[in-house]
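Each remark here refers to the structure printed beneath this line.
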Amino acid sequence: MTSLPSLPTPKKLGLVIDLDTCVGCHACVVSCKEWNTGGYGSALSDQDPYGADVSGAWLNRVHSFEVVPEGGEVVGEAGQARIVHFPKSCLHCEDAPCVTVCPTGASYKRSADGIVLVDEDKCIGCGLCAWACPYGAREMDLAAGVMKKCTLCIDRIYNETLEEVDRVPSCVRTCPANARHFGDLGDPNSAVSILVAERGGMDLMPEQGTKPVNKYLPPRPRKSLAESAHTLPLAENTEGAKGFFAWLDGMLDRI
Amino acid sequence: MHPAFSIIIFTTLSGLGYGLAGVLGLDLLDPAATATKCAHALALALISVGLLSSAGHLGNPQRAWRAFSQWRSSWLSREGVMSIITFVPLLVSAWASIAEGRYLALPGFLGAVLCAVTVYCTSMIYASLKSVQAWHTPLTPVCYLLFAAAGGFVLASVFAFAGGGNTRVLPLLAIVFLVAAWATKLRWRKRMKDLVPLSTPESATGLGNIGRVRLFERPHVTENYLTREMGFKVARKHAEKLWRIALVAGGVVPAVLLLALAALGGQGTLPVTIASLAALAHWAGVFVERWLFFAEARHSVMNYYGG
């Protein structure tokens, strides 16, 4: 049924992505592809995988943006411009437009935990859900002819055969910078909700009216290099040296 | 947006077919004339070819029957359901004309209404998408309906000159709808050009309060499904040229030809040939218009891809 759940889902499972700590290593991208090509549904195919024009279905991708403040310069580290690495996957929206446009009932949002999924046995591969998603979270698998999307690793998070520490999405488990967090955003006392409240977590494209569950934590304000420069101790200065170094300083002065 | 050939064929041919079927349903052609019987067959053929073509872009066309199930929420599903329901009165009307030379008011009128509803559902597939701002306007269904009506009357004029009906009223109605369709389309296009983007790289990344956001690196060096499907771009100079080609071929040429034929009056081989040329020009023009409808529309996902 491609109507959205009539009541707010009791749980809102989703991700919180920290744009301050993401280093843009793409480990989550590779880990996602690895897990999901052997997990839920058909494999995530690639076309021309070893050729020049390689392309394929991925459920998570990292973009990199340059942000230039008002009046800022774009001259490497001297200017104010900064690079923000930006991982993007399905946001499991409360008002998911990809679900309601589906003509077959293949796309659905689970009423228990809010996860948006595709039933691949019902998908006709019309691609309308990918058009409806403003974020580009869905990609067609050209080999299977069905739509693929992030499942929030549904085959990990409830999987009791895994160690408890592994019952989180593959991207979260693998992130070496701890920039990805998984939890229930419907519970105001969950760790992710507290993180969002403390760091001012934000929605992507709120104007599209999709009410995304996933939140992004903005990069912390950064001091410019020029501003920090005067706090650096100068190498030539020996003022304030104590003990052995004060003695050495004096001795070397006398020689 | 990527202008898929199968979808352009589908929307243009089914639009023409539903337009012609609608005109036939309003009893504007003599049901006993051979020309009208041919018109019924052509309308059904155009609709069928269009609908079959729409299945051409599916990844799993063998499951297409499932698309009839979600009419509560999905315009694509509604369009599928309506297209099948509409076949019932259209087949009854066609059978009454072809086999018995009669016009049946109830199936005729019902068929005309359902044709309009089906075209409306088709247009709403696009108009309902907030992610494609150019399409997300009530003008989109108005354009689709007026183009279907214009195409229907242009085709009906061909059959009128072939002996099926009034050779002044039908061409004049065709001209009225041609003018209305292209005038509305002109407004639609002006709206698209004047649009202030709803979503920007700043809102897409949430980084707007730090500063201006520019894509530094795509996630990968080659194209992907999203950039192929949503990132289609057409050179501005070509778009303007194509728009003029669409307007001339799809609007000016058929209107002038039909006006001349209506002024001269009479039926026969020459008027039919000229009216057929007018219909072909109209279809070619609408084909280009539909190509631009996709090619010029920008999808919000391109905010993440620097497009």
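Each value in this text was obtained by applying a stated rule to the coordinates, not by laboratory testing. All figures in this text were calculated on a predicted structure; none of them were measured in a lab. All Cβ positions, even for glycine, are placed from backbone atoms using ideal geometry, and neighbour counts span all protein chains on display.
Some notes on this structure:
- Residues of type aspartates and glutamates that B:LYS190 reaches as a straight line, Cα spacing below 17 Å, ignoring anything fewer than 8 places off in the same chain: B:GLU240, B:GLU289, B:GLU296
- Only lysines eight or more places from A:LYS11 in sequence, or on another chain, were considered; those with a Cα closer than 28 Å are A:LYS33, A:LYS88, A:LYS109, A:LYS122, A:LYS148, A:LYS149, A:LYS211, A:LYS215, B:LYS130.
- Theoretical gain in end-to-end length, A:VAL165 to A:ALA197 [0.36 nm per residue, Cα-Cα removed]: 9.1 nm
- B:THR118, B:THR34, B:THR137 arranged by Cβ crowding within 10 Å, fewest neighbours leading: B:THR34, B:THR137, B:THR118
- Computed log₁₀ I(q)/I(0) - Debye formula, equal Cα scatterers, no solvent, region A:155-202, q 0.16, 0.25 Å⁻¹: -0.51, -0.98
- Sorting the Cα pairs of chain A by distance into bins of 5 Å, from 0 upward, gives 1, 5, 11, 14, 16, 14, 10, 7, 5, 4, 3, 2, 3, 2, 1, 1, 0, 0 percent per bin.
- Between B:ILE84 and A:ASP48, the modelled labels are 3.9 nm apart [label points 7 Å from Cα along Cα→Cβ].
- Per-residue Cβ neighbour rank within 10 angstrom, fewest leading, A:LYS109, A:LYS242: A:LYS242, A:LYS109
- Here the spin labels are modelled as points 7 Å beyond Cα on the Cα-Cβ line, and at B:THR222 and A:GLU239 they lie 6.1 nm apart.
- Extension gain, A:SER64 to A:VAL30, is 10.6 nm, computed as 0.36 nm per intervening residue step minus the present C-alpha separation.
- Projected area, mean over directions - region B:5-304, Cα convex hull, nm²: 17.4 nm²
- Label-to-label distance, A:ASP20 versus B:SER48, with points set 7 angstrom from Cα along the beta-carbon direction: 6.6 nm.
- Fewest neighbouring Cβ atoms within 10 Å first, the residues A:TYR108, A:TYR216, B:TYR126, B:TYR18 line up as A:TYR108, B:TYR126, A:TYR216, B:TYR18.
- Semi-axis lengths, Å, region A:3-97, gyration tensor of Cα atoms, sqrt of 5 times eigenvalues: 31, 24, 12
- Simple Cβ-charge dipole of the protein assembly as shown, Lys/Arg +1 and Asp/Glu -1, about Cα centre, in debye nearest 20: 1640 debye
- The protein assembly as shown: translational diffusion in µm²/s, Stokes-Einstein, Kirkwood Rh over Cα pairs, 37 °C, 0.692 mPa s: 123 µm²/s
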